[in-house]
1. Return the only residue of L163, L170 being under 24 Å from C202 (Cβ atoms) and not in a loop (DSSP other than H, G, I, E, B).
2. Could you please find all residues in the stretch 20-64 being among the β-branched types (V, I, T) and in a strand (DSSP E or B)?
3. So which residues in the stretch 230-271 are in contact with an Asp or Glu (Cβ under 7 Å, 6 or more places away or on another chain), of a type in the set (G, A, S) and either farther than 20 Å from E302 by Cα or touching a residue at least 24 places away in the same chain (Cβ under 8 Å) (or both), if there are any at all?
4. Looking at G199 and the list (1) at pLDDT below 95; (2) under 22 Å from S127 (Cβ atoms); (3) of a type outside the set (V, I, T), which single condition is not satisfied?
5. Among what's in the stretch 217-237 and is in contact with a strand residue (DSSP E or B) (Cβ under 9 Å, 6 or more places away or on another chain) and of a type outside the set (S, T, N, Q), pick the residue that is surrounded by the most Cβ atoms within 10 Å (Cβ to Cβ).
6. Between a residue in the stretch 177-202 that is under 12 Å from Y229 (Cβ atoms) and in a loop (DSSP other than H, G, I, E, B) and any residue that is of a type in the set (A, V, I, L, M) and open to solvent by less than 10 Å² (accessible area, probe 1.4 Å), which pairs come within a Cβ distance under 8 Å, given they are 6 or more apart or on different chains?
7. Check whether at least one residue in the stretch 205-212 is within 20 Å of the chain's Cα centre (by Cα) and touching a residue at least 40 places away in the same chain (Cβ under 8 Å), and report yes or no.
Amino acid sequence: MSIEPSSSSTNDHPMDESSQLTLLDASSYQLHDLDSIDFPPTLIEIDLTANRLTQLDSRISNLTHLKKLSLRQNLFTDSGVEPISQWNNISGLEEFVLRDNQLKTIPDVSIFKTLLVFDVSFNEITSMSGLSKASSTLKELYVSKNEVTKIEEIDHLYELQILELGSNRLRVIENLQNLTNLQELWLGRNRIKSINLCGLRCIKKLSLQSNRLTSMKGLEECVALEELYLSHNGIAKMEGLSTLANLRVLDVSSNKLAAVEDIEKLTCLEDLWFNDNQLASLDGIAEAVSGSREKLTTIYLERNPCVSISYILKSSNYRIWFLAC
């Protein structure tokens, strides 16, 4: 089997073929090695997703134009990726994906001085130790579905815009105060008990689904929030939401909420997910969403007491209120 690199050029004029070979897509071939593949020196992007690789091919170290390298869904261990820390010829790499391998530690990526995207999700990493060596140019960091217990060694990532730490073993939100450009924070499926965004006001998307929250307090200063996901917790009261004037999506499903409240001023609200709570009556809902009537497109109330068949048959307000919306 021979896998040929492809060109991203759309120029129809004759030219040296090797000058056009910028992309190598060798994904989903179940390769155990790369012996059958040519690596022209003009390559900018290599995608080796979904193979059976355990070792890096040293020829990659000579690709001085390389910007993107995906090793996603392979069998790399720590020792298998270790050589890349010495490959100075590819120090201009901007995107490095090691998602879904067998790593136990964060690889040394200190040579990549302009790294923008780094993904080590779906591994067996127990600590964020090593990230202190990552370039401060990083904009997206993905460490989800590991076994991390503490947020650390990211204080210098001032340019970070997306931080994904879902499905780990975190108990505390901490050490985020320097991430003043952070726009998306994904912390679902952890063990977090309280919200502390370390004074950040820039976050637009926040996910704390499937944690151990009992309160919404801590969101008041996060005024840039547009999407907030708090489902599958133990929250008993809606509060601290009135200042979130930009909020478009609010998901508080699968909690212990008995009333829809503190959202009267949210004029941008489009989606409200309130299913699987303890709402016994529809009384007061129209007033609660009065500020967002022009934008609101979805209110999801399934599996609340107020939408039981017996309640619907007894309440004329049910049909009248939904017609009004």
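1. On the way: L170 fails: not in a loop (DSSP other than H, G, I, E, B).
Result: L163 is the single residue among L163, L170 that is under 24 Å from C202 (Cβ atoms) and not in a loop (DSSP other than H, G, I, E, B).
2. Within the stretch 20-64, T22, I37, I46 meet the criteria.
3. Matches in the stretch 230-271: S231, G240, S242, S253.
4. Exception for G199: condition (2).
5. The selected residue is L230.
6. Note: pairs meeting the criteria are L187/L165; L187/L170; L187/I173; L187/L206; L187/L208; G188/L208.
7. Within the stretch 205-212, one or more residues are within 20 Å of the chain's Cα centre (by Cα) and touching a residue at least 40 places away in the same chain (Cβ under 8 Å).
For (1) in contact with a helix residue (DSSP H, G or I) (Cβ under 7 Å, 6 or more places away or on another chain); (2) of a type in the set (D, E); (3) under 19 Å from L213 (Cα atoms); (4) open to solvent by 30 Å² or more (accessible area, probe 1.4 Å), each residue gets a yes or a no:
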| site | (1), (2), (3), (4) |
| --- | --- |
| A245 | no, no, no, yes |
| I263 | yes, no, no, no |
| L269 | yes, no, no, no |
| S281 | yes, no, no, yes |
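The values are calculated or read from the model by the stated rules, or taken from the named source; none is laboratory data. The shown structure was predicted, so the numbers you read here are calculated from the model rather than taken from an experiment. Backbone-built Cβ (ideal geometry, glycine too); neighbour counts: all protein chains shown. Only protein heavy atoms, including side chains, enter the accessible area calculation; ligands, DNA and RNA are left aside. Shrake-Rupley method; radii C 1.70, N 1.55, O 1.52, S 1.80 Å.
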